[in-house]
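In what follows, a structure is listed as structure tokens, so that the remarks can point back to it.
The values are calculated or read from the model by the stated rules, or taken from the named source; none is laboratory data. In this text, all values refer to a predicted model and were calculated from it rather than measured experimentally. Cβ coordinates were reconstructed from backbone atoms using ideal geometry, including for glycine residues, and neighbour counts include every protein chain displayed.
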Amino acid sequence: MMATETQHTQHKIKSSLKFQSFLGKALTTLLLALGAVLVITPLLFMISTSLKSRNQLRASPPPLIPWASTTAQVNGKDEPLFEVDLDDQTRELALIQNKPGGMGVFVDPANPAAQYELKIEEQTPVRHVELHWENYAEALTSVPFDRYLLNTLIVVFASMLGMLISCSIVAYGFSRFRARWLNILFVLLLSTIMLPSQVTLIPIYILFQKIGWVDTLLPLIIPAFFANAYDVFLLRQFFMTIPLELDDAAKIDGANPFQTLLFIMLPQARPALVAVGIFHFLWAWNNFYEPLIYLHSRENWTVAIGLQTFDALYSVNTHLIMAASVVMVIPPILLFFFAQRIFTQGVVISGVKG
């Protein structure tokens, strides 16, 4: 009898724990879903607005889906259709005339002679989805976005290459070599993160002006070849998780430090390299401050500068601004989508066979 009661109690405890686990997972999933909805709603509204016409933009409140009123031909004119309840039937009638007091004259498009005077606000307008894909062509041809895109891609990938090369070498030195005052030097490097860019703006601008780099893409590319503290820190921390035995094995095989970096460290650090590469891509793609300072000619502008200028020129054409904005956010989304598996891989699985 005691054994049966004990088993029954254990069963109740297990059932309670399973229910609590299920409830916790359900609440977590619900919170994540709500967060995802909040994050994705502005993006959906931007895409929706980019596919609307000028008339659809004037609707209050603006609809999320680009609806348009369905019309029918009545006496040679296009009149809006409404769903009207008549004689316990729902019929589609066209509104041909507005009258005082919110009343309207409705007719059957197939039989215009039969007219009905009804309250307009009590009727349901017939609508359909109307997408204006031509907004993208108009937005991208209003200003030379193709030139802006080419300049941006040159800056992004050239500076990314320089960042990966320089930061990998510096991070390798800080993580693998041993020297006096090395940690102090690393702290000094990290302290540059706290230095505002506005402090060094004037001397750097004067330097670039003296060597003739102002109004070219070089000020946006060349500094990336001299490393930066943030990416060096991330790569150094990742390099330090790789066993030192791999370096010793490479030395026994006759590899020098550069060969160890190239053939041992970098293949192991692929997730970290992809992560800092994505971070740099997003920063360089959205960078507005430095191109605004150094680029004066229109043919040298990047997408960020071009989009801001486009916004100033076409401030009343919200649908065109949103169309250009959608095109600008597509490359970062595609990059993260195709690289997310490597990007989310945060640890290196490696072993040393003895």
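Looking at this structure, is ILE264 surrounded by 15 or more Cβ atoms within 10 Å (Cβ to Cβ), assigned to a helix (DSSP H, G or I) and either touching a helix residue (DSSP H, G or I) at 6+ places or on another chain (Cβ under 6 Å) or at pLDDT 90 or above (or both)? Spelling it out, ILE264 is indeed surrounded by 15 or more Cβ atoms within 10 Å (Cβ to Cβ), assigned to a helix (DSSP H, G or I) and either touching a helix residue (DSSP H, G or I) at 6+ places or on another chain (Cβ under 6 Å) or at pLDDT 90 or above (or both). Within the range 186-203, residues that are touching a residue at least 60 places away in the same chain (Cβ under 8 Å) reach partners that are among the hydrophobic types (A, V, I, L, M, F, W, C) and surrounded by 11 or more Cβ atoms within 10 Å (Cβ to Cβ) with beta carbons closer than 9 Å, at six or more positions or on different chains, in the pairs SER197/ILE204; LEU201/ILE293.
Listed here are the residues, each with its yes/no results for (1) out of contact with any Lys or Arg (no Cβ under 9 Å at 6 or more places or on another chain); (2) surrounded by 19 or more Cβ atoms within 10 Å (Cβ to Cβ).
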residue: GLY162; (1), (2): yes, no
residue: PHE174; (1), (2): no, yes
residue: ALA179; (1), (2): yes, no
residue: THR200; (1), (2): yes, no
residue: TYR205; (1), (2): yes, no
residue: ILE222; (1), (2): yes, no
residue: LEU235; (1), (2): yes, yes
residue: PHE239; (1), (2): no, yes
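Residue check: GLY351 meets all listed conditions (1) of a type outside the set (Lys, Arg); (2) modelled with pLDDT under 75; (3) in a helix (DSSP H, G or I) but one, namely (3).
Where strands (runs of 3 or more DSSP E) fall wholly inside the range 76-142, the ranges with 3 or more residues that are more than 30 Å from LEU313 (Cα to Cα) are 77-86, 89-99, 103-108, 111-119. ILE120 passes every criterion in (1) out of contact with any helix residue (DSSP H, G or I) (no Cβ under 8 Å at 6 or more places or on another chain); (2) surrounded by 14 or more Cβ atoms within 10 Å (Cβ to Cβ) apart from (1). Figure legend. Inter-residue proximity from the range 8-28: first residues polar (S, T, N, Q), second residues surrounded by 10 or more Cβ atoms within 10 Å (Cβ to Cβ) and modelled with pLDDT under 75, beta-carbon distance below 8 Å, spacing 6+ or different chains. No pairs are indicated.
Applying the condition of being more than 14 Å from PHE177 (Cα to Cα) and in contact (Cβ under 8 Å) with a residue 12 or more places away in the chain to the range 247-261 and asking which residue is surrounded by the fewest Cβ atoms within 10 Å (Cβ to Cβ) yields ALA249.
Looking at the range 43-54, can you tell me whether even one residue there is over 44 Å from the mean Cα position of the chain (by Cα) and among the aromatic types (Phe, Trp, Tyr)? Looking through the range 43-54, none of the residues is over 44 Å from the mean Cα position of the chain (by Cα) and among the aromatic types (Phe, Trp, Tyr). Restricting attention to the range 162-207, the residues that are over 24 Å from ILE221 (Cβ atoms) and either not assigned by TED's automatic domain parsing to the domain that holds ILE264 or not in a helix (DSSP H, G or I) (or both) add up to 5.
Can you confirm whether ASP215 is more than 25 Å from TRP285 (Cβ to Cβ) and assigned by TED's automatic domain parsing to the domain that holds ARG147? Before you say what the answer is, go through the steps one by one.
Working: more than 25 Å from TRP285 (Cβ to Cβ): no; assigned by TED's automatic domain parsing to the domain that holds ARG147: yes.
So ASP215 does not fit the description; no.
Say we look at the range 272-326 and pick out the residues that are of a type in the set (Ser, Thr, Tyr), under 30 Å from ILE202 (Cα atoms) and touching a helix residue (DSSP H, G or I) at 6+ places or on another chain (Cβ under 9 Å); which of these is surrounded by the most Cβ atoms within 10 Å (Cβ to Cβ)? Reasoning before the result, please.
Narrowing the range 272-326 to residues of a type in the set (Ser, Thr, Tyr): 289, 294, 297, 302, 309, 314-315, 318, 325.
If we keep only those that are under 30 Å from ILE202 (Cα atoms) as well, we get 289, 294, 297, 302, 309.
Imposing the further condition that a residue be touching a helix residue (DSSP H, G or I) at 6+ places or on another chain (Cβ under 9 Å) reduces the set to 289, 294, 302, 309.
Details: TYR289: 11, TYR294: 20, THR302: 28, THR309: 14.
Ranking the qualifying residues of the range 272-326, first place goes to THR302.
Test VAL187 against the criterion of being of a type in the set (A, V, I, L, M), closer than 30 Å to LEU64 by Cα and out of contact with any helix residue (DSSP H, G or I) (no Cβ under 6 Å at 6 or more places or on another chain), and give yes or no. So VAL187 does not fit the description; no.
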